[in-house]
Each structure stands twice: as structure tokens, then as C-alpha cells.
Amino acid sequence: MKRLILCLCGMLAISAAEAMEIRQFDDPAKEERYETLIKDLRCLVCQNQSLAESDAELAKDLRTEVYNIIQSGKSSEEAVRFLTERYGDFVLYRPPFKRITLLLWLGPFLLLAGGAVFLWKQARRRAAAAQQDATLSAEERRRLQQLKDRFQG
């Protein structure tokens, strides 16, 4: 039984070590740029995971690509440009503000404004209806007075 537990622990340790990617950088600034980039770029396979968080094969390949770009001395902007040319703006967590992404950027504000206008109109409509209900015609006032007299007297 001890051997089985020891064997399982060893297999778990090996699989955990295999999952870790170790990258060697000759400059700490390059390592920092690499870490920032893989946190800011989206995994194309996983939903809502960055390249840093994802274990997908494509994410590993993209991390390697980013590593190679940074190691070759290119800037972070060049790495981002390379990936967006290849995979589109979806790879970015913060897509650029341009005509095709206009609704993406302005949509929440438009929905909020539309909701505020709707609520304002509803409130005005209810206030007008309440005011109209509060005003009685001469016939309604006469009938109300008759009912009051009948029940009070």
C-alpha cells in the first residue's frame, strides 16, 4: 500500500513539473515584458483565460512565440502586432477603439442611457396617470358624496 501511495505521489509530482514552463531570460526587463504580455493576451482556445493561465497547446505555442519575439529583441508592440495580424483583435483583452469595435466600447453606455430614458418615461407616465386618477369629474364627486352620506348617516 505504501508503494502505491508513493508511486501515485511521484506521478503527480512529475505531471506538475511537466506542466511548468521554465524560460531563461538574459535580461530581467525582457522577462518582465514577457510576463506582462502573456497576462495581457487572451488564449484563443480557452474562454476568459490569458496565455499565462491557460494550459492549452495553442497557448503554449503562443507563449513560445512571444518568448522568441522578446528574445530576438523586438518590442512588445511588435509582438502584439504580430499576434493581432495573425489571430485578429480577439487575442487582445483590450481591443483597440476603431469602427468595427465601436459597439463593443459604446454598447454598455448606450444600454445604460436607454435604460435611464425608459425608467424616466415610465415614472412620468405613472405620475401623469396618478394625477389623472386623483382628479374626479363633477359626476364622480357627486356620486362619492352620496356614498359618504349613505355610510356616515
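Things to note:
- In a residue-by-residue description of segment 56-69, the property of being over 25 Å from the mean Cα position of the chain (by Cα), in a helix (DSSP H, G or I), of a type in the set (A, V, I, L, M, F, W, C) and surrounded by 13 or more Cβ atoms within 10 Å (Cβ to Cβ) applies to at least one position.
- When the criteria are applied in full, residue 83 meets the requirement of being assigned to a helix (DSSP H, G or I), within 29 Å of residue 45 (Cα to Cα), touching a Leu at 6+ places or on another chain (Cβ under 8 Å) and not polar (S, T, N, Q).
- Tabulated pairs, segment 17-35, first assigned by TED's automatic domain parsing to the domain that holds residue 54, second at pLDDT 85 or above and part of a loop (DSSP other than H, G, I, E, B), C-beta under 8 angstrom, 6+ apart or interchain: 35/52
- Any hit, segment 131-144, residues being outside any helix (DSSP H, G or I), of a type in the set (A, V, I, L, M) and closer than 23 Å to residue 23 by Cα: no
- Selection count where residues are modelled with pLDDT under 85 and of a type in the set (S, T, N, Q), scope segment 95-153: 5
The values are calculated or read from the model by the stated rules, or taken from the named source; none is laboratory data. None of these values were measured; they are calculated from a predicted model. So basically every Cβ, Gly included, is an ideal-geometry build from the backbone, and we count neighbours across all protein chains shown.
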